[in-house]
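A short write-up of the structure that comes next.
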Protein chains: 2
Amino acid sequence: MIAQPKPRPGKRINDPEGMRKKVLDVAEDAFQARGYHASSIGDLMAAAGVSGGALHHHFPTKKALALAVIDERVAAAVEETWIAPVLAAASAREGVRAVFEAVAAQLEQQGFVRGCPLNNLAHELSLADPDFRIALAGIFAGWRRAIADKLHADQQVGKDEGTDPERFAALTVAAYSGAMSMAKATQDAGVLRDCLAGLERSAPSPSQGALAARRRNRILPRPGTP
Amino acid sequence: MIAQPKPRPGKRINDPEGMRKKVLDVAEDAFQARGYHASSIGDLMAAAGVSGGALHHHFPTKKALALAVIDERVAAAVEETWIAPVLAAASAREGVRAVFEAVAAQLEQQGFVRGCPLNNLAHELSLADPDFRIALAGIFAGWRRAIADKLHADQQVGKDEGTDPERFAALTVAAYSGAMSMAKATQDAGVLRDCLAGLERSAPSPSQGALAARRRNRILPRPGTP
DNA sequence: TTGACAAAACAGGACAACCGGTCTGTTTTA
DNA sequence: TAAAACAGACCGGTTGTCCTGTTTTGTCAA
């Protein structure tokens, strides 16, 4: 007999939080791999091992599920992959460089590119529903704000003056988003390095210790796809 | 009686090319506005006023229709919006600037943003099917090549040396793609101008006549949505 | 502690609408 | 007169949602 968690016939254990998390896990993965419309709730139920009634109890509609994925998972992915590393870096430019390189390295090691979760959903859902659009736009805004604030903090210490923080943040987010789009289409992460190199041409930096902030990134979910 | 084109009951005129064009028109528009999966062939038939048999005669499957849209329409849009204006400009940098500004201006005048057709479909279809991915990657490649070649030609005349053409092209395409992604999510084309400004910081340009190449762009299709 | 009881959590089937594709048949055209 | 072009019905499968039950769990008086 295989030792499964709790396949006992006569007993059942209610685990609302665990079940909700399990559904969000598979939904996040499916939306990232196949997109929103191409992921049926039947697929999600099967992948998560959740009954229709249970899923409907936690997420009344598919839209509600997607909104939860956006608010809780996509936002967290941006926070973990971009905002936290940039804030922890020695400077904004250094943080941006570290993230670009870390993501490129992981993608190359991984061997395939599924794209940026935020941009993937943004393209598919921004025009589909105002609620989707507002949620996604908010994540973009937070992303840009974090970078702009970091650069502004740098300038308070005399670093990197002469660069407009808002423009720098916009260009950084755009370059990364577009690079991931191309990387996904070409299945080649090299374009990330090209864009980073082009981006750093505009740096007035003299020279700084190149201590790469080694942080795990989370643009691409679980490597093991069962 | 309303004067319709040809609603005569007893007569019919075969117009293969016209019917094919009509289908591609509505498909291009629907894919841009709602995406591939959200556009049913029933919707397309109704919008184009085409029977199921006719549509199936020209495009046996939905995938075949999408591939035709990509090869004939999306590629043409990139050519018209980006490649031709850049090639016609005084320099690569000048062409890039002109396109960014022209697109931003049109979007602001239009009042809403539907995004870049290439990136819209790239995000939704790149992982869905290898044929889609290859077709889309090819358009990206042509786009980058045109910009890189233009910059290389500039350098043959001594202009803008010290800039790597491939990297410049990659960054330009990425910045535009990402900016359009954000513009779509925020429904605000201002980010295009922010990115352009950030992009031009890396220019070693002394000064050149700012003759804006005024060309119609075609990122967003027909303004009138019936 | 117990027992009652309402709410939450979960199971699983039912259903109408819709999807994309196919099929047969008719009309036009080379 | 055969092939191309078009019309329109048809079908099996899928979609998202709802619905009716059943089980578990928390609560609170006794």
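If you roll a 1.4 Å probe over the heavy atoms of the protein chains, what accessible area per residue do you get for segment B:14-60, in Å²?
Accessible area per residue: 50 Å².
Couplings for segment A:69-86, taken from phi via the Karplus curve 6.51 cos²θ - 1.76 cosθ + 1.60 with θ = phi - 60°, read 4, 5, 5, 9, 9, 5, 4, 5, 5, 5, 4, 6, 7, 10, 5, 4, x, 5 Hz in order; Gly and Pro are left as x. Counting 0.36 nm for each residue step from A:A64 to A:A88 and taking away their Cα separation leaves a gain of 5.3 nm.
What is the calculated FRET efficiency for B:E17 to A:I13, with r their C-beta to C-beta distance and R₀ = 56 Å, to the nearest 0.05? It would help to have the intermediate numbers written out before the result.
Working: r = 65 Å, r/R0 = 1.16.
Once the sixth-power term is evaluated, E becomes 0.30.
With 26 Å as the limit, the listed pairs A:K159/B:K150; A:K21/A:K63; A:K159/B:K184; A:K22/B:K63 have A:K159/B:K150; A:K159/B:K184; A:K22/B:K63 beyond it between alpha carbons.
Accessible area of B:D131 (1.4 Å probe, protein heavy atoms only, ligands and nucleic acids ignored): about 70 Å². Shape summary: segment A:15-60 maps onto an equivalent ellipsoid whose semi-axes, from the alpha-carbon gyration tensor, are 17, 11, 8 Å in decreasing order. Here B:H56 yields copy-to-copy label distances, from shortest upward, of 3.4 nm, the label point defined as 7 Å from Cα along Cα to C-beta.
The values are calculated or read from the model by the stated rules, or taken from the named source; none is laboratory data. These figures come from a predicted structure and were not determined experimentally. As a convention, Cβ positions derive from the backbone with ideal geometry for all residues, glycine included, and neighbour counts pool all protein chains shown. The accessibility values were calculated without ligands, DNA or RNA, using every heavy atom of the protein model including side chains. Shrake-Rupley method; radii C 1.70, N 1.55, O 1.52, S 1.80 Å.
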